[in-house]
Every structure is written in C-alpha cells, then in structure tokens.
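Participant: Could you have a look at this structure, given as structure tokens, before my questions?
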C-alpha cells in the first residue's frame, strides 16, 4: 500500500505532457466505377449443341498455311516455316532488269536456294521457268485479266482520246527501254494516216522525246484502271512494240491479254511468251515490220464478240489462280 501511495504522489508531481496529436488524413479519392459493357447473353442450349460440330471442324483443320510468294529473296533466303508450303510465283526475270542491278547477287542466291530446296515454282513463261531451273513441282502460269473490267458494252472514250483521229493504234505500259522507239518512228513514217497512242508512265521522258515531234504520235501519261479499259476499247489496233532483250524474252506481257480482252487485233514482236496466245496476234520480227502488216490487220476488224468473251473467260485470274493453288497444294 505504501508503494502504491508513493507512485501516485510521484505521478501527481510530474509535469503533464500533452498527448500527441494525429493529423486527420484526407479521405481517399472516390474511384470511378468500371465501365460495364452490355451483359453477355447466354446462348440457349440448342445453339451450343449446334456450335459443337463447327468447333470440332476448326480443331481438325491443319495448322499450316499455304501461300504463294512473288519475292525471290524472301522465298529463297527466309525459311517461312510458319507458312507451311510456299510456292514462288515468278512474274519477271529480275536478273534481267537493269533497274534492279544492285540486287542481282541476292536474286542469284535466291534462285539457287529455291532450286536446291525443291520449292514449287509457278512462272509466267517457260523461258523464265527454265532460268530458275526448279527441282520441285513447277508450272507455267501466264498473266490474265479480270472479267468484270472487260465484259459488257464499251464505256465512253476519255476526252483526251476523242481528240485523236481514227484509226488508232495503241501501246500501253511503262514507256522505258522495252519500247522500240526507232520502230515506232518507222511505223509512224510509213503509215501517216494511223494515229499511234503511247499510254503509260514516263520514268525517263527523254527516252521517248524523239517521238513527240512526229505527226501522228500521241504520248499520254499513266491513267487509272477504268480509264485504261475505256481507252483500249476505243482503239482499233494494239501494239506490243518491244525490243528483243533478255528481259522481254522471258516476260508474259499483261498488255497482250488486255488488248485481246478489249477486242483489239495485235501486232507484236515475235517473242517466245507471246506465241500461241491467240490467232489475232500477228508476230513480226521487229517493230519496223509492223507497217507492212498494219493495213491488213486493220481491215480484218476487231475480234468477234463471242471470241472476245470466250478469251476473257479462259484467261481470267480465277483460272490462273486455280492453277497456282493446285501447284501449291501439291508441294
């Protein structure tokens, strides 16, 4: 008892210390309620039962993809294992293109690997296929046309073409070193009553500058697809006025297929990929010889409509792609 009394007296004598004050913390900011989308509706049991065969079919599908590839370095130098079977679609001989000279070593290596690996190859010409020398499945698949562009009545001619007198002979495509400028000049001089239209992009205007001063020669820049179709269907004769080079001897000229789809008779340099396309393609040794064949070709007139539509159907891209896919699935 004495101890407790002593403790009480000591506590009473000691100075009183204030209790620590605690600062009130501000309340936490209110959190926005998460945005909720529409509630998912449960499928009825019957719908789930109907989906089961679909899901089973998806699980049973092969996990590999098949795809054609038209870039030789990518197909030859990359494994592309994710894609499963891959077919190289050779559209041009890039080793013969002066514009791609900086990449020739890569193209050579790619062609060699494509051949050694037995990769399936679809090429636009037999000559190009021989240059690649594939050891696996291979097929020649030339260029084609889109029927929707060419069937039906002809559209109105472009205004710039309406100002050009008939008969009109037309060449379409890039106006570069493939075009035989000297041959076109000879044709213009021998056939003064024939209007010659050169329609396409001009990477080097100086290359065709000598033709601009000739009467009867009309040079026009590139146009869109609809205008191109309208221009072709408003002409009377088509020209494949190519020089004979390693590049042109292996290419499948898309323009010839489009000329015929437009119903135009064609005068063409005798190049291997052009042989046998259609009876209305007249093959000549060089462009200078076009002058002798032009009068008779114009007199024979355009293709008969039944002949034209049959050619469009047989040369459609759907037919071409079916051949490529058959080759791809065999690889």
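Participant: Please verify whether segment 107-129 includes one or more residues that are under 24 Å from residue 244 (Cα atoms), modelled with pLDDT under 90 and surrounded by fewer than 22 Cβ atoms within 10 Å (Cβ to Cβ).
Facilitator: Within segment 107-129, one or more residues are under 24 Å from residue 244 (Cα atoms), modelled with pLDDT under 90 and surrounded by fewer than 22 Cβ atoms within 10 Å (Cβ to Cβ).
Participant: Further question on the same structure: Before we move on, is residue 267 more than 24 Å from residue 166 (Cβ to Cβ) and either assigned by TED's automatic domain parsing to the domain that holds residue 195 or in a helix (DSSP H, G or I) (or both)?
Facilitator: So residue 267 fails the test.
Participant: If you go through segment 222-236 one residue at a time, do you hit one that is assigned to a helix (DSSP H, G or I), within 23 Å of residue 291 (Cβ to Cβ) and out of contact with any helix residue (DSSP H, G or I) (no Cβ under 8 Å at 6 or more places or on another chain)?
Facilitator: no
Participant: Looking at residue 257, is it crowded, with 19+ Cβ neighbours inside 10 Å and part of a helix (DSSP H, G or I)?
Facilitator: Yes.
Participant: Where residues in segment 163-217 are part of a helix (DSSP H, G or I) and either without any contact (Cβ under 8 Å) to a residue 24 or more places away in the chain or not assigned by TED's automatic domain parsing to the domain that holds residue 250 (or both), which of them is nearest to the chain's Cα centre (by Cα)?
Facilitator: So the residue we want is 205.
Participant: Scanning for something surrounded by fewer than 20 Cβ atoms within 10 Å (Cβ to Cβ), part of a helix (DSSP H, G or I) and modelled with pLDDT of 95 or more, does segment 279-288 turn up at least one residue?
Facilitator: Checked against the condition, which is being surrounded by fewer than 20 Cβ atoms within 10 Å (Cβ to Cβ), part of a helix (DSSP H, G or I) and modelled with pLDDT of 95 or more, segment 279-288 yields no hits at all.
Participant: Being surrounded by fewer than 17 Cβ atoms within 10 Å (Cβ to Cβ) and either not in a helix (DSSP H, G or I) or not assigned by TED's automatic domain parsing to the domain that holds residue 187 (or both) is the filter here, so list the residues in segment 303-312 that pass it.
Facilitator: Residue satisfying the conditions is 304 alone.
The values are calculated or read from the model by the stated rules, or taken from the named source; none is laboratory data. Just so we're clear, the structure is a prediction, and the values are computed from it rather than from any experiment. All Cβ positions, even for glycine, are placed from backbone atoms using ideal geometry, and neighbour counts span all protein chains on display.
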